[in-house]
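The values are calculated or read from the model by the stated rules, or taken from the named source; none is laboratory data. Source: prediction; values computed, not measured. All Cβ positions, even for glycine, are placed from backbone atoms using ideal geometry, and neighbour counts span all protein chains on display.
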Amino acid sequence: MFITERNRSKQHVYFETLSGRADLDRKEAADLGRYRSGYSGECEYDAVLDAVGHDNLFVFRDIWLRVGGAEVQFDALIVADNVLIANEIKNYSGNYSYENGVWRVRGQQISEDPVSQLGRAAGKLVKLRNESGFQFDIEKEIVFINPYFIFGGDAGDGGSRQFIMRNRLKQYFRSLGNHTSGRSAKILSEEIAGRIIADPYPVPETDCGRLRLGANCFKCGIFDVEMKRFVSVCRGCGYTETVERLVVRTVVDFAVLFPGEEVTKKKIFDFLGESVDLQRIQRLMKKYFPIVPNSSRTHYRVADNNPVKILTGGGYSSHYEHDPEFMFEMHPRINKLQANYL
């Protein structure tokens, strides 16, 4: 069973948000491309595991742990009776080789070394075993999820024996079904859950001067929308978004780009280019975001960087919502919409 969700990393969300309001430089664009590729590969890994089945396992996805006074990240950490299995997921594409501890792509040496990364992570699991007093075996594999990954290294190399290629992935997951998950697995999974921490690495500082302020289109991203009483309409693609949803989305964008800033109604008013009434912003922020207590001025806590979770948590059910993606269970037309798909 999946114990944790698979979410985009804090850095991934930051660059996605920044790209909507600023022109990325070459390094930023490359970082964003890398995060997108990695997340896509991780989601594909989850889909294959889901298809094969994982009811007999405790599966932690995309977690940070504190072990031995240090932090360590796992793409997937699988718990069964008396065993921890660490999977490093790579979405590489193209011709790669690995020989004598060196990775090359199209003959050129690269700096990233998944074998060393996984080795360091597995070393933290040894520390976890020593600290917790639990006895368990440690297994580790690198999963190359992309079917267009071509490996030309020495198959007998010690590192490459840890490699799981895409065409063997279902077979590998089925082999995990031989494990059991009884009391020892449950206790070990509780130990891991108690060590989970937030991503400790900060996002870059944002230069406000490079940002485009104002309301942008949810669908095509342009900053040319007509604000009506209850909805905004994009003059480019015609997409209609409720003002309620637009404000929530903008608050999240602001919090992602300026994580150290107090989130106030005035800052969101300015961030929206004064396109939404200040009192309306305040009313919506009170509905969806808790006020930070014991502060000298009113500001709000943005607990999640996913607007959908915030909207559903706040009971979003606007009569003016026409995008099926945002017609949640409480929406007044959801039954009619579902009937149309039957």
Query raised in the report: For R229, all conditions in the list (1) out of contact with any Leu (no Cβ under 9 Å at 6 or more places or on another chain); (2) in a helix (DSSP H, G or I) hold save one; what is the number of the exception?
Result: (2)
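With E274, E262 as the choices, which residue is of a type in the set (D, E), within 17 Å of L211 (Cβ to Cβ) and surrounded by fewer than 19 Cβ atoms within 10 Å (Cβ to Cβ)?
Just one listed residue meets the conditions, E274.
Here's a check for you: in region 84-102, which residue that is of a type in the set (A, V, I, L, M) and surrounded by 19 or more Cβ atoms within 10 Å (Cβ to Cβ) is farthest from S9 (Cα to Cα)?
L84
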Report task. Kindly indicate whether R245 is closer than 29 Å to I281 by Cβ and part of a helix (DSSP H, G or I). Result -> yes
Query raised in the report: Can you name the residue in region 1-55 that is under 16 Å from F173 (Cα atoms) and in contact with an Asp or Glu (Cβ under 7 Å, 6 or more places away or on another chain) and, of all such residues, is surrounded by the most Cβ atoms within 10 Å (Cβ to Cβ)?
Result: E42
Report summary line: Given (1) touching a Cys at 6+ places or on another chain (Cβ under 9 Å); (2) modelled with pLDDT under 95, S295 misses just (1)
Report summary line: Checking I164, I192 in turn, the sole residue that is under 22 Å from the mean Cα position of the chain (by Cα), outside the structural domain of L257 (by TED's automatic domain parsing), at pLDDT 95 or above and not in a loop (DSSP other than H, G, I, E, B) turns out to be I192
Query - Selected residue (criterion: surrounded by the fewest Cβ atoms within 10 Å (Cβ to Cβ)) from residues of region 188-217 that are among the acidic types (D, E) and under 29 Å from Q135 (Cβ atoms) - result: E190
Query - Only listed residue being among the aliphatic types (A, V, I, L, M), at pLDDT 90 or above and under 23 Å from S9 (Cα atoms), chosen from L272, L284, L257 - result: L257
Report summary line: Here the qualifying pairs (Cβ atoms under 9 Å; residues six or more apart or on different chains; first in region 86-111 and closer than 15 Å to F151 by Cβ and modelled with pLDDT of 90 or more; second loosely packed, with under 11 Cβ neighbours inside 10 Å and of a type in the set (D, E)) come out as none
